[in-house]
Protein chains: 2
Amino acid sequence: MVFCKPRLFRNLFLSVMINAMENNDLLANKRHTLAHLLAAAVLELYPDTKNTIGPAIDNGFYYDFEFSSPLSENDLVKIEAKMREILPSWSQFKHREVADKEAKVVYTNNPYKLELIEEISAKGEPITLYTVGGPAEHQSGVSGARFTDLCRGGHSEAPNTDIDPAGFKLDRLAGAYWRGDSNNSMLTRIYGLAFDNQEELEDYIAKREEAEKRDHKKLGKELGLFIFSDLVGSGLPLWTVKGTLMRELLNDYVWELRQAKGFNRVTIPHITKKDLYETSGHWAKFADELFRINTREGHEFAMKPMNCPHHTQIFDAEQRSYRDMPQRYSETTMVYRDEQSGELSGLSRVRSITQDDAHVFCRENQIENEMNAIWDIIDTFYKTFGFELKVRFSRHDPATFDKYLGTPEIWQKAEEKLKSVITDRYDDKFIDGLGEAAMYGPKIDFMAKDALGRTLQVATIQLDFNMPERFKLTCINEKGEKEPIVMIHCAIMGSIERFMSTLIEHYAGAFPTWLSPVQVAIVPVAEAHDEYAKNVARQLKEAGIRIEFLESGDSLGKRIRTMKTSKVPYFIVIGDKEKDSGNITIENRTGEKEELSTEQLIGKLQTEIKNRS
Amino acid sequence: MVFCKPRLFRNLFLSVMINAMENNDLLANKRHTLAHLLAAAVLELYPDTKNTIGPAIDNGFYYDFEFSSPLSENDLVKIEAKMREILPSWSQFKHREVADKEAKVVYTNNPYKLELIEEISAKGEPITLYTVGGPAEHQSGVSGARFTDLCRGGHSEAPNTDIDPAGFKLDRLAGAYWRGDSNNSMLTRIYGLAFDNQEELEDYIAKREEAEKRDHKKLGKELGLFIFSDLVGSGLPLWTVKGTLMRELLNDYVWELRQAKGFNRVTIPHITKKDLYETSGHWAKFADELFRINTREGHEFAMKPMNCPHHTQIFDAEQRSYRDMPQRYSETTMVYRDEQSGELSGLSRVRSITQDDAHVFCRENQIENEMNAIWDIIDTFYKTFGFELKVRFSRHDPATFDKYLGTPEIWQKAEEKLKSVITDRYDDKFIDGLGEAAMYGPKIDFMAKDALGRTLQVATIQLDFNMPERFKLTCINEKGEKEPIVMIHCAIMGSIERFMSTLIEHYAGAFPTWLSPVQVAIVPVAEAHDEYAKNVARQLKEAGIRIEFLESGDSLGKRIRTMKTSKVPYFIVIGDKEKDSGNITIENRTGEKEELSTEQLIGKLQTEIKNRS
């Protein structure tokens, strides 16, 4: 089974921040401090506002307020200016533990804070008030009263020197229910962006703008790759002719690489009796996400959320001998997960997930070879797209052992084996993924860095001693004995839906020639050139090149614009000159032109396609 | 949508009889008469037996009895002899209508007949007794009392001259519940085979024996093409490496033919909200067979039992222009139907059905061209397998109009259009399929005759004005107006599962070279020849030929036997002679041998594969 749910990366954009988050907590402290500063500025400008809570988040901070009159986006400029005005006076946070009575006096008019105080007090936890700034410390007469907030701590040591005033910016307003509950009153949330300095802030804003332009939901629609239908339902993409073509090209490529490593395809149905998942252990551990079916005869079935249990049945259909090992089963097939509507997002999180899944059934002494063969495929595949790969050793968390199948001994054995494969090939540069293992075994997860510098989880290789044990999978060894075997789960793209969303954003829709649904657009200048242009089109088509012909009905300008927004790698305008010379001028997306004979053109394109460049 | 449920052809074997059934009712009358004759013989031999009912069936007749002591298969010889003894005395059936009282007197000791009499009487229908034979008519002293049975009629006019005594044969015994209800008592059913003459009877028996040898369930297992798993459930085949390879080869072939006719692939999920099927009309008309899913958020989903409603959503994702027409969507995908366990049979009737489905969305004036293009594909495809095709015009039955969608006017228009396509291409030799239309429109069904002379329903082309209307599908025509469009549903193989079962039985598992999972088996005589043989194997593999290498561990004889049962098209034994000469002797399945160089061998095989022969 291949998990393709990006737990850490709920949306692609958030993942920009992964590296920053890994690097330090100091930035988080600055962001938290800025939340206080935002509250201080708001209270100074709008004294009858009720402040509630305000944490640090991935790209900055927010704070939720109850304003006495509505705020507009324009007010953010004023608030931001006030924050910068106050900041120099914030030299140090001081805190003191207080009795709940005293705390309640401070917040007499703030029911939100009173509710929090009650709660902390009920749990018997200490109530702490953090105070900073104000004229008592700074005699220079700067703006900013002393500001106190109910808080657990985690601030910059010296805000006025630690925080770069050019490194933050108020971002936007949003509505938010008090404590996220729609039964509570609606508050106003102010979001701020915050980084160590102006350069990093501007870099982030630029990347976010670029990411918005590249958003696969927007581009997917513009390029006509996939659709959602209200009648079919959310999280269930339908793939158009162009989108399907791309999926097939990607899948063919994976299959070509796999075939060279001795993989074979198998085919399974999308449903099963619950018995299969009771044996595999998924019925209990995957229960919420299973689409369940009750048949007319009263049997309980489920749609498969993964393929491994089905594949064990094919392996187990006959007693295998050591001569038959390894068995390498590959299958690109859809799995289904009953995701909640609120969690669905474009192609990044769907209910129908196409996995390019594979399972190797092998002997223990074949593990290294098989894993390295798969790793070779992954290297070749991702290099094609210019992705740089990092490796994460995803192991189990002994603290939550009940999430996993099997015994500690099996886990230790599997993790040692896997770690030695990683170390042999990759040295010790791997990321340690404590608690990132699959239910049945540890994984090597591959993290790709895309054109925007975002880190995305992509391919995976997983080692599994548990599933073979549960299904009692064996081969007859050289001594004629039944020998337990192991399973390696592996996916190259993972989920084709998620991989497509990654590619769309990585290339901003301008796919390489081999992957472009249309490779060459042919535009006759006027009706007089239609016939000649059609002849060129026919020749390209016969040479296996995917062309689009823009007939001379619409104006030339309009047709050229259409073509440019469709991000076709090459286009050819055919007019008198081309007709007379017999040569063709081909223009690429960056405007570079080249004059070629039709034969040369075909040769050039075929080479590009063959090399997947 | 392509219906792939063989309504008339629940199992392949039954379909042998289709032609006979179509030709005449006289045979059915003979068979019904023989059921009476069987009862007469049984009652004469076992006077305390209670006879119940006995109809004509596809290949003969049966009669259900309650015997006072168990019968064995050996007793059938005696009963059959008695039937032949009585037959000459049966010159004519006479019948009379009687009051229920009188009928009850005849069957005082037979609770089964009494139950039937009660029922007929309760419905107010006439009770008729049919009498035949016996000494009263024949003074010659032959065996056979006058025999009377409660019956509705439908007998041979003159049994003793119409029925060839060598044309029938008692077949087997079976248990059968009275009226098919497991709460009732278990009766003994005697089956008989019956045809017009001895030759036809023997022909049928020979074909049945051959069909049993070719049974795809038996051969599929022997050849390792597919399996069923108790954990996954019945009706849900899992395809092994070899089976999947064959499926892919077949599917690639269909796709190659379709691509040449301008088809494109699309991709849809296997589930949908019920809304889609409420619009299409399937929710009501297909309800029983839908696998239904209730999601964790309480929504109602269904697994798709067909693909057309999903495909309409891709067409409808943008407003099409006349320039975009036709749109030809093709997709090989699994559909799911909640079949009852008792109806499942090998690959002929499954719950997970892979359809090589396609839908053409076109304008009315494009119907002929599109249909003929599909018909071309069907002709080419089936010719490859040596299938002779017959055409059935499957139209709606006005008597059961509530089974269909749409108005009588739409049906008339669609059927006229379809009939004219058939007549233009096929003359008037088509079979008239009254009541065989799909829910939404009439069909051209193609019937293939296999190696055993059995007629099987295979490909289909269907014309549909209804679905486009329900989904309001249009294109903008030359005048800038919205023009309603039509859909053509078509499948070449229909269900890959059913088509595979057909092919396995058609070829008795000895597939042509292009389709064989293993094309050449290579057998080194002894260990000394392994290396040389492996070198040959490598060359063939590199040339794209699928080989199996039978290492010299087992005895030569055993390896040759293994290979012959696996029905590999060619095998090569490599010993001293081959090693010395550098030539190879290749042997086919019929034992023909040919000596060739490795290059010649590769050339020969590649040509055969390329030509799909």
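The values are calculated or read from the model by the stated rules, or taken from the named source; none is laboratory data. Remember, predicted model here, so these are calculated numbers, not experimental data. All Cβ positions, glycine included, derive from the backbone under ideal geometry; neighbour counts span all protein chains shown. These accessible areas exclude ligands, DNA and RNA; they are computed on the full protein's heavy atoms, side chains included. Shrake-Rupley method; radii C 1.70, N 1.55, O 1.52, S 1.80 Å.
A count restricted to region A:515-530 and to residues that are open to solvent by 10 Å² or more (accessible area, probe 1.4 Å) and either under 20 Å from A:PHE385 (Cα atoms) or touching a residue at least 60 places away in the same chain (Cβ under 8 Å) (or both) stands at 2. How many of the residues making up region A:537-571 are within 14 Å of chain B (Cβ to nearest Cβ), touching a residue at least 24 places away in the same chain (Cβ under 8 Å) and surrounded by fewer than 14 Cβ atoms within 10 Å (Cβ to Cβ)? Result for region A:537-571: 1. Cβ separations smaller than 7 Å between residues 6+ apart or across chains give the following pairs from region B:51-74 residues that are modelled with pLDDT of 95 or more to residues that are of a type in the set (A, V, I, L, M) and assigned to a loop (DSSP other than H, G, I, E, B): B:ASP64/B:ILE53. The residues of region A:188-223 that are at pLDDT 95 or above and either part of a strand (DSSP E or B) or not assigned by TED's automatic domain parsing to the domain that holds A:LEU37 (or both), listed by number, are A:THR188, A:ARG189, A:ILE190, A:TYR191, A:GLY192, A:LEU193, A:ALA194.
Residue pairs whose Cβ atoms lie under 7 Å apart, sitting 6 or more positions apart in sequence or on different chains, and linking a residue in region B:320-349 that is more than 10 Å from chain A (Cβ to nearest Cβ) and within 15 Å of B:PRO237 (Cβ to Cβ) to a partner that is open to solvent by 50 Å² or more (accessible area, probe 1.4 Å) and outside any loop (DSSP other than H, G, I, E, B), are B:GLY346/B:LYS217; B:ARG349/B:GLU343. Looking at region A:396-513, the helices (runs of 4 or more DSSP H) lying wholly inside it that each contain 1 or more residues that are under 30 Å from A:LYS567 (Cα atoms) sit at A:496-507. Residues in region A:225-242 that are among the charged types (D, E, K, R) and either facing chain B (nearest Cβ under 7 Å) or part of a loop (DSSP other than H, G, I, E, B) (or both): A:ASP230 only. On the stretch given as region A:243-258, residues that are more than 9 Å from chain B (Cβ to nearest Cβ) and under 15 Å from B:GLU331 (Cα atoms) total 1. Taking the criterion of being surrounded by fewer than 22 Cβ atoms within 10 Å (Cβ to Cβ) and under 12 Å from A:MET246 (Cα atoms), the only residue of region A:496-508 that qualifies is A:LEU503. The residues of region A:521-556 include none that are within 27 Å of A:LEU347 (Cα to Cα) and either of a type in the set (Phe, Trp, Tyr) or in the same structural domain as A:PHE387 (by TED's automatic domain parsing) (or both). Would you mention how many residues in region A:326-377 are among the polar types (S, T, N, Q) and modelled with pLDDT of 95 or more? Within region A:326-377, residues that are among the polar types (S, T, N, Q) and modelled with pLDDT of 95 or more number 10. Filter region A:146-187 for residues that are farther than 16 Å from A:ALA35 by Cβ, in a loop (DSSP other than H, G, I, E, B) and under 29 Å from the mean Cα position of the chain (by Cα) and give the result. Those that are farther than 16 Å from A:ALA35 by Cβ, in a loop (DSSP other than H, G, I, E, B) and under 29 Å from the mean Cα position of the chain (by Cα): A:ASP181, A:SER182. When region A:259-304 is filtered for residues that are surrounded by fewer than 19 Cβ atoms within 10 Å (Cβ to Cβ), in a loop (DSSP other than H, G, I, E, B) and more than 7 Å from chain B (Cβ to nearest Cβ), the ones remaining, listed by number, are A:LYS261, A:GLY262, A:GLY281, A:PHE286, A:GLY298, A:HIS299. Picking from residues in region A:316-374 that are in a strand (DSSP E or B) and of a type in the set (Gly, Ala, Ser), the one that is surrounded by the fewest Cβ atoms within 10 Å (Cβ to Cβ) is A:SER321.
Inspection of region A:567-574 finds a residue satisfying the criterion of being closer than 30 Å to A:GLY453 by Cβ and touching a Gly at 6+ places or on another chain (Cβ under 6 Å). Screening B:VAL98 with (1) surrounded by 15 or more Cβ atoms within 10 Å (Cβ to Cβ); (2) under 24 Å from B:SER68 (Cβ atoms); (3) touching a residue at least 12 places away in the same chain (Cβ under 8 Å) gives one miss only, at (2).
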